[in-house]
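Since every read-out is calculated from the coordinates, none of them should be taken as a lab result. All of these numbers come straight from a predicted model, not from anything done at the bench. Positions of Cβ are backbone-derived with ideal geometry, glycine not excepted, and every protein chain shown enters the neighbour counts.
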Amino acid sequence: MREVRACFFIGHREAGENLLPYLTDTVGQLITSCGVTRFYVGGYGNFDRLSGKAVIALKNSFPDIRLFLVIPYHPAERPVPTPRGYDGTYYPQSMESVPRKFAIVRANRRMIDECDYLVAFVWHPASNAREFLEYARRREKKGLIHVENLGERKDVLRAVLVDRAAPNALL
């Protein structure tokens, strides 16, 4: 029996719409080259929304892939309906005793621990996304996860930050 490979997404909430083609291409490569069939997306910010949209766009071509919304709060405490195009919600293991104010941070970290791949869009230093990327990179050095940070690609930054007053050092 084949092992199920999973991917999680983490990035800056202010990601622009121009990122969508790069996300879709990256997801397609994970499916075709790496055998990823399970995708997990958070629900807080535009990067999460775009990541879900990229996976949904590929579901017709790859009917075996599944998309889940990661929920940081226990579903009995805070029910969340399954969004259109998603296959369900996912509440990470061992979250029951986590205080509410730490739930999102702990859920993100837990997903990095559980998944084989992380697709990130992290390009500025002042964010929780940066801290999660650094955590994932440490796990990557141990062979525990594969990380693709679209925020490190100049072609992506040029396309995504074209409408922003981005520092030249990023480009």
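One table, with the values for the structure above:
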read-out: Simple label model, 7 Å out from Cα along Cβ direction - Tyr44 to Glu77, nm; value: 1.3
read-out: Sites matching GluC sites (Glu not before Pro) across the range 29-122 that sit in DSSP coil, with at most 10 neighbouring C-beta atoms within 10 Å; value: Glu77, Glu96
read-out: Sequence-distant lysines (8 or more away, or on other chains) whose Cα lies within less than 19 Å of Lys101; value: none
read-out: Rough spin-label spacing in nm, given labels placed 7 Å along Cα→Cβ, for Val4 and Ala159; value: 3.1
read-out: Spacing of the two label points (7 Å from each Cα toward its C-beta) at Arg106 and Glu152, in nm; value: 3.0
read-out: Linear extension gain, Glu96 paired with Glu131, 0.36 nm per residue minus alpha-carbon span; value: 10.3 nm
read-out: Length added when fully stretched, Thr32-Arg139, from 0.36 nm per residue minus Cα-Cα; value: 36.2 nm
read-out: Charge dipole (debye, nearest 20) of the range 24-154; +1 at Cβ of Lys and Arg, -1 at Cβ of Asp and Glu; value: 260
